[in-house]
1. So Thr206 fits all but one of (1) open to solvent by 30 Å² or more (accessible area, probe 1.4 Å); (2) on the phi < 0 side of the Ramachandran plot; (3) at pLDDT 85 or above; (4) not basic (Lys, Arg); what number is the exception?
2. Look through the range 165-187, keep the residues that are open to solvent by less than 40 Å² (accessible area, probe 1.4 Å), within 27 Å of Glu222 (Cβ to Cβ) and under 16 Å from the mean Cα position of the chain (by Cα), and return whichever of them is modelled with the lowest pLDDT.
3. For Thr85, which of the numbered conditions (1) touching a Leu at 6+ places or on another chain (Cβ under 7 Å); (2) open to solvent by 90 Å² or more (accessible area, probe 1.4 Å); (3) among the hydroxyl-bearing types (Ser, Thr, Tyr) fails to hold?
4. When only residues in the range 71-100 that are hydroxyl-bearing (Ser, Thr, Tyr) and without any contact (Cβ under 8 Å) to a residue 12 or more places away in the chain count, which is nearest to Ala136 (Cα to Cα)?
5. Kindly evaluate Leu214 against the criterion of being surrounded by 15 or more Cβ atoms within 10 Å (Cβ to Cβ), without any contact (Cβ under 8 Å) to a residue 24 or more places away in the chain, out of contact with any Asp or Glu (no Cβ under 8 Å at 6 or more places or on another chain) and not acidic (Asp, Glu).
6. Only residues that are at pLDDT below 85 and either β-branched (Val, Ile, Thr) or surrounded by 12 or more Cβ atoms within 10 Å (Cβ to Cβ) (or both): list them for the range 4-16, please.
Amino acid sequence: MARSISKPPTLLSKTLTALRAIAARHGGQLKTELGAIDEKDQRVVDELFEEELDRRLREDDEFHRISDEIMDEIELRFALLTDGTVRRNKQGCPQSWCWETEDREAFIKTVTRFSSNHKPRFGRLLTPLVNGVWVAGPFLPKRNNGQQPKLVLLDGEGLGHTPKSVAAISTSLTRRIEAADAIVLVDNAVQPMHAAPVAAMKEMITSGSASKLLLMFTHFDEVKGDNLGNAADREQHVLASIGEELGPFAERALRSRLKEACFFVGGIDASLDPTKKSHKRTVGQLQLLADGHRQHR
């Protein structure tokens with residue numbers, strides 16, 4: 001008899017309640033056993049508490065029951081995959097999924113199960129489990145006349161979504177910067193640059209990788225103002241705000257990149273027609289971006 005998939009709120013609510021009960025039970029016992037007389041003792045206790053709690057959880061039958069229940073639910077999400085091949089490890093746990101198709105629409109619809117965060121599909125997505133997605137194919141616009149640039153594009157997690165968050169970048173991202181031929185930093189032209197992309201630019205400058213930097217500003221068509229009469233005025237308006245965030249030293253080191261390697265696009269969420277005046281500039285900027293990558297390899 002086929003099992004139905006539990007509704008996420010029900011499963012999560014039960015799990016959280018059970019985990020809180022387990023944590024309270026073990027936590028209370030540990031606090032009593034370890035004890036802390038003063039602040040110095042408290043620091044030592046905190047370290048011992050974390051290590052001992054981890055050990056006790058591994059020996060707790062209720063904790064393992066919850067873990068097994070969650071793994072069963074995860075397994076059911078993989079059962080929803082009707083196409084492709086799932087590769088598993090020796091324990092039967094899914095490690096990867098591979099699928100090939102010539103149908104673009106079917107591809108996009110299917111791969112969203114691994115990449116989407118669309119709320120109506122919550123409970124049926126595998127996105128939280130995915131470490132990476134590799135896609136190969138002739139992805140190129142019709143205007144290229146069949147000439148496909150030899151590019152491998154690596155797209156990672158966004159660099160923060162609030163002005164003050166993530167003021168430093170991760171070690172893994174630093175390694176990617178070192179290994180890549182070019183780095184395209186994409187930011188919204190309408191709003192001030194957030195702390196994370198500023199940190200990424202500073203990292204590239206201090207590590208000697210500034211020559212790899214290409215900057216793309218999206219939503220350029222939405223940059224408006226009474227004092228912005230043409231595209232050149234809008235570009236200067238966007239670039240002026242970057243210098244304020246970087247500071248004088250970084251601004252000097254980055255000045256040549258701001259002149260040579262900045263690209264401004266708009267409406268790239270839709271198909272672009274180079275014969276339309278509103279699209280022509282963006283198409284040209286994207287072509288310059290591809291040419292700029294080849295020049296800086």
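The values are calculated or read from the model by the stated rules, or taken from the named source; none is laboratory data. Note that the structure is predicted; figures quoted are calculated from it, not measured. As a convention, Cβ positions derive from the backbone with ideal geometry for all residues, glycine included, and neighbour counts pool all protein chains shown. With ligands, DNA and RNA removed, areas are computed over all heavy atoms of the protein, side chains included. Shrake-Rupley method; radii C 1.70, N 1.55, O 1.52, S 1.80 Å.
1. (3)
2. Ser165
3. For Thr85, the exception is condition (1).
4. Ser96
5. No, not satisfied.
6. Selection gives Ile5, Ser6, Pro8, Thr10, Leu11, Leu12.
Here is a yes/no grid of residues against (1) in contact with a Leu (Cβ under 7 Å, 6 or more places away or on another chain); (2) more than 30 Å from Pro138 (Cα to Cα); (3) open to solvent by 70 Å² or more (accessible area, probe 1.4 Å); (4) modelled with pLDDT of 85 or more:
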{"position": "Ala18", "(1), (2), (3), (4)": "no, yes, no, yes"}
{"position": "Arg25", "(1), (2), (3), (4)": "no, yes, yes, yes"}
{"position": "Ile37", "(1), (2), (3), (4)": "no, yes, yes, no"}
{"position": "Glu51", "(1), (2), (3), (4)": "no, yes, yes, no"}
{"position": "Arg55", "(1), (2), (3), (4)": "no, yes, yes, yes"}
{"position": "Arg58", "(1), (2), (3), (4)": "no, yes, yes, yes"}
{"position": "Glu69", "(1), (2), (3), (4)": "no, yes, no, yes"}
{"position": "Ser116", "(1), (2), (3), (4)": "yes, no, no, yes"}
{"position": "Gly123", "(1), (2), (3), (4)": "no, yes, no, no"}
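For (1) at negative phi; (2) under 21 Å from the mean Cα position of the chain (by Cα); (3) open to solvent by 80 Å² or more (accessible area, probe 1.4 Å), each residue gets a yes or a no:
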residue: Arg65; (1), (2), (3): yes, no, yes
residue: Leu81; (1), (2), (3): yes, no, no
residue: Leu140; (1), (2), (3): yes, no, no
residue: Val152; (1), (2), (3): yes, yes, yes
